[in-house]
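Peer 1: One structure coming up, written as structure tokens, with questions to follow.
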């Protein structure tokens, strides 16, 4: 959802199993591929540690990704969200 020189940022909901797994073991490994055929595909692999960030970072991320205001329209609904900072290798 965002990135800078120190890491990548993504949101997860505090009630999800994914969030509970990150709290137990704050490490993530993700691989993604985009496109339909081998010659034009792009693959990205990430692995490293994640860290929960505070409310200021959450506000910034929602402002940058406006569609999130449709999914979580109120401040109360956004309390269920947690922003994660990924730092590792990609």
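Peer 1: Can you list the helices (runs of 4 or more DSSP H) found entirely within the chain that contain at least 1 residues being at pLDDT 90 or above and loosely packed, with under 14 Cβ neighbours inside 10 Å?
Peer 2: Hits in the chain: 17-24, 55-64, 68-71.
Peer 1: Could you please find all residues in the range 1-23 being within 27 Å of residue 75 (Cα to Cα) and over 12 Å from the mean Cα position of the chain (by Cα)?
Peer 2: Answer for the range 1-23, where residues must be within 27 Å of residue 75 (Cα to Cα) and over 12 Å from the mean Cα position of the chain (by Cα): 4, 14, 15, 16, 17, 20, 21, 23.
Peer 1: Which pairs have Cβ atoms under 8 Å, sit 6 or more apart or on different chains, and link a residue in the range 60-78 that is on the phi < 0 side of the Ramachandran plot to one that is part of a loop (DSSP other than H, G, I, E, B)?
Peer 2: 61/1; 62/72; 64/1; 65/1; 72/80; 78/72
Peer 1: Now a separate question. Give the range 32-51 a look and list any residue that's more than 18 Å from residue 1 (Cβ to Cβ) and in contact with a strand residue (DSSP E or B) (Cβ under 7 Å, 6 or more places away or on another chain), or say none.
Peer 2: Passing the criteria: 33, 35, 41, 42, 43, 45, 47.
The values are calculated or read from the model by the stated rules, or taken from the named source; none is laboratory data. Because the structure is a prediction, the values reported are computed rather than measured. Heads up, the Cβs are rebuilt from the backbone with ideal geometry, glycines too, and the neighbour counts pull from every protein chain shown.
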